[in-house]
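Below: the structure, in structure tokens.
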Amino acid sequence: MDAIDLSRIQFALTVAFHYLYPPMSIGLGLLLVFIEAAWLKTGNALYHQMARFWTRVFGLIFAMGVATGIVMEFEFGTNWAAYSRFVGDVFGSALAAEGIFAFFLESGFLAVLLFGWDKVSRTVHFVSTCMVCLGAHFSAIWIVVANSWMQTPAGFHIVGEGAGARAEITDFWAMVFNHSSIDRLFHTLCGAWQAGAFLVISVSAWYLLKRKHMDFARAAIRLALPVALVASLLQLVSGHMSAQGVAKNQPVKLAAFEGLYDTTSNAPLRMFGWVDEKSESVMGPALPSLLSILAHNDPSKPVTGLREAAPDPKDRPPVNMTFQFFHLMVAVGFGLIFISVLGLYHSRRGSLADNRWLLWLLVISVLGPHIANQAGWFAAEVGRQPWIVQGLLRTSNAVSPVLKADAVIASIFLFTAVYLLLFAVFIYLLNDKIQHGPDEADLVPTGKLARG
């Protein structure tokens, strides 16, 4: 493989590993707001115990997210210098906004969230929790804005020619509210809320299986299951909205999602299958007309196929890979809705703690949002190829011109080793916190927090 393909593999590795943590911190931050609000409203010390425990987990996840995210910033310069030159004005403004409005807000109040127990009032601590949660969401906003501009560029003009050409912002708010940013942000945040909710559900189900911390686990799972269900249903809505945007703005990507080669009225929606890119055909069951309905709210309206949208095969993404990632995301999404409904039903009936097979399902459900989030991002990014900035800059022209393949190979092995070590440390520390469980002393709040 050449330096281009190796750089893509390297960046995919670093981004995929990093993206394990931000969704959990965003979703868990939202759960912490709900938990502390319940404590303020009821005065029940069980919610104080819950807040203390999940705050410690949040701190670990936040630290891992920061540590793994730094590497990507360097890769823009080392591997993607031509890309960085082209989009520097656009990305610079979005990343600066993230630093000012998100990272400073989140990290500034994080110290109070983690270490302010018994030092500040309940109200001040709750406000700090809200600010950390808000900062995490702001971070997602600006990262998604930057990535969405790569999908549907807006509010810019091109300055210079040839290798010296670059995109320059002419309308900041048009760049921010480009054609895909809102839909993609909604979809991303729903996935993050799922990740946080199912983390709480998984750990609580584990405690119920082991008959440990029973009151704590019941209270936590009662709070997290409705959040998981609402987030999963909203994910279905946001996915539909996003797919309609893709149909309008990126017809090649939508055609790759469904393996659709010919422009078709009453276009079928593939449930699953396999795309043969040589014969340009797809095998697998399909639901008649449903793709046209989902894409255009009209079964008779045609959906653009790959042969029309991208007549030259070189302008098409890897179709089967895009198809598989997209359908994996959809399948897991429906599975999470089913698990949420089943868990909430048994929780409301009071039979959850005695239903061991369902508890085991809830324990492993923590993997679901991560699989769906990763598959969704891969589908979105692979489906945009061969463009790194849609219609403006090809991936093959974005790599650093002096980059050597052997240097990238060496860095891939090094990053893999470091990330495996970091992941092992994360799992060890997370398991240690889970095995230790909530502190019984936290059931009796003391200090300023107790006095409010």
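If you take just the helices (runs of 4 or more DSSP H) that sit entirely in the stretch 264-350, which of them hold at least 2 residues that are of a type in the set (S, T, N, Q) and under 20 Å from GLN235 (Cβ atoms)?
319-349
Can you tell me how many residues within the stretch 274-306 are surrounded by 17 or more Cβ atoms within 10 Å (Cβ to Cβ) and of a type in the set (Gly, Ala, Ser)?
5
Looking only at residues in the stretch 335-382 that are touching a residue at least 60 places away in the same chain (Cβ under 8 Å) and aromatic (Phe, Trp, Tyr), which one is surrounded by the fewest Cβ atoms within 10 Å (Cβ to Cβ)?
Taking the candidates together, the pick is TRP360.
For the stretch 396-417, give me the residue count where each residue is closer than 22 Å to VAL159 by Cα and buried (at least 19 other Cβ atoms within 10 Å of the Cβ).
Going through the stretch 396-417, the residues closer than 22 Å to VAL159 by Cα turn out to be 396-401.
Adding the requirement that they be buried (at least 19 other Cβ atoms within 10 Å of the Cβ) leaves 398-400.
Counting residues in the stretch 396-417 that are closer than 22 Å to VAL159 by Cα and buried (at least 19 other Cβ atoms within 10 Å of the Cβ) gives 3.
Within the stretch 285-292, can one find any residue that is in contact with a helix residue (DSSP H, G or I) (Cβ under 7 Å, 6 or more places away or on another chain) and either free of Cβ contacts under 8 Å to residues at least 60 places away in the same chain or of a type in the set (Gly, Ala, Ser) (or both)? Give the steps one after another, and end with the answer.
Within the stretch 285-292, the first condition is being in contact with a helix residue (DSSP H, G or I) (Cβ under 7 Å, 6 or more places away or on another chain), and the residues that meet it are 291.
Restricting the remaining residues to those that are either free of Cβ contacts under 8 Å to residues at least 60 places away in the same chain or of a type in the set (Gly, Ala, Ser) (or both) gives 291.
Yes: one or more hits.
Please go through the stretch 100-132 and pick out each residue that is of a type in the set (A, V, I, L, M) and either closer than 20 Å to TRP142 by Cα or not assigned by TED's automatic domain parsing to the domain that holds TRP54 (or both). Spell out the reasoning first.
Taking the stretch 100-132 as the starting set, the residues that turn out to be of a type in the set (A, V, I, L, M) are 100, 102, 105, 110-114, 120, 124, 127, 131-132.
Passing the criteria: ILE100, ALA102, LEU105, LEU110, MET131, VAL132.
Identify all residues within the stretch 232-264 that are surrounded by fewer than 16 Cβ atoms within 10 Å (Cβ to Cβ) and over 18 Å from the mean Cα position of the chain (by Cα); write none if there are none.
Across the stretch 232-264, the qualifying residues are LYS248, ASP262.
Rundown of residues vs (1) more than 25 Å from the chain's Cα centre (by Cα); (2) closer than 15 Å to ASP5 by Cα; (3) not assigned by TED's automatic domain parsing to the domain that holds SER148, yes/no style:
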| site | (1), (2), (3) |
| --- | --- |
| VAL389 | no, no, yes |
| LEU392 | yes, no, yes |
| LEU403 | yes, yes, no |
| VAL408 | yes, yes, no |
| ILE412 | no, yes, no |
| ALA417 | no, no, no |
| PHE423 | no, no, no |
| TYR428 | no, no, no |
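From the residues in the stretch 1-37 that are over 22 Å from the mean Cα position of the chain (by Cα) and among the charged types (D, E, K, R), which one is farthest from VAL230 (Cα to Cα)?
Only one residue fits best here, namely ASP2.
From the list PHE216, PHE172, PHE198, exactly one residue is of a type in the set (Phe, Trp, Tyr) and under 23 Å from the mean Cα position of the chain (by Cα). Which is it? Before the answer, list the steps.
Numbers: PHE216 fails: under 23 Å from the mean Cα position of the chain (by Cα); PHE172 fails: under 23 Å from the mean Cα position of the chain (by Cα).
One residue alone meets the criteria, PHE198.
Could you please find all residues in the stretch 103-115 being more than 13 Å from LEU32 (Cβ to Cβ) and modelled with pLDDT under 85?
PHE103, PHE104, LEU105, SER107, GLY108
Looking at this structure, is SER121 free of Cβ contacts under 8 Å to residues at least 24 places away in the same chain, over 20 Å from the mean Cα position of the chain (by Cα) and surrounded by fewer than 23 Cβ atoms within 10 Å (Cβ to Cβ)?
Criteria not met by SER121.
Condition check ((1) among the hydroxyl-bearing types (Ser, Thr, Tyr); (2) within 30 Å of GLU440 (Cα to Cα)) across all residues:
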| residue | (1), (2) |
| --- | --- |
| THR14 | yes, no |
| PHE17 | no, no |
| GLU36 | no, yes |
| LEU60 | no, yes |
| GLY69 | no, no |
| ALA82 | no, no |
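From the list ALA219, ALA243, ALA228, exactly one residue is part of a helix (DSSP H, G or I) and modelled with pLDDT under 90. Which is it? Show your work before the answer.
Numbers: ALA219 fails: modelled with pLDDT under 90; ALA228 fails: modelled with pLDDT under 90.
Exactly one of ALA219, ALA243, ALA228 is part of a helix (DSSP H, G or I) and modelled with pLDDT under 90, namely ALA243.
Anything in the stretch 154-204 that is hydroxyl-bearing (Ser, Thr, Tyr), in a loop (DSSP other than H, G, I, E, B) and in contact (Cβ under 8 Å) with a residue 60 or more places away in the chain? List them, or say none.
If the condition is that a residue be hydroxyl-bearing (Ser, Thr, Tyr), in a loop (DSSP other than H, G, I, E, B) and in contact (Cβ under 8 Å) with a residue 60 or more places away in the chain, then SER180 is the only one that fits.
Output the residue which, of all residues in the stretch 1-50 that are β-branched (Val, Ile, Thr) and in contact with a helix residue (DSSP H, G or I) (Cβ under 6 Å, 6 or more places away or on another chain), is farthest from VAL418 (Cα to Cα).
The residue in question is ILE35.
How about the stretch 95-145: which of its residues are outside any loop (DSSP other than H, G, I, E, B) and basic (Lys, Arg)?
Matches in the stretch 95-145: ARG122 only.
Every residue, every condition in (1) crowded, with 19+ Cβ neighbours inside 10 Å; (2) over 14 Å from LEU31 (Cα atoms), yes or no:
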residue: THR129; (1), (2): yes, no
residue: GLY135; (1), (2): yes, yes
residue: VAL145; (1), (2): yes, yes
residue: GLU161; (1), (2): no, yes
residue: TRP173; (1), (2): no, yes
residue: GLY196; (1), (2): yes, no
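The values are calculated or read from the model by the stated rules, or taken from the named source; none is laboratory data. Note that the structure is predicted; figures quoted are calculated from it, not measured. Ideal geometry is used to build each Cβ from the backbone, glycine not excepted, and the neighbour counts take in all protein chains shown.
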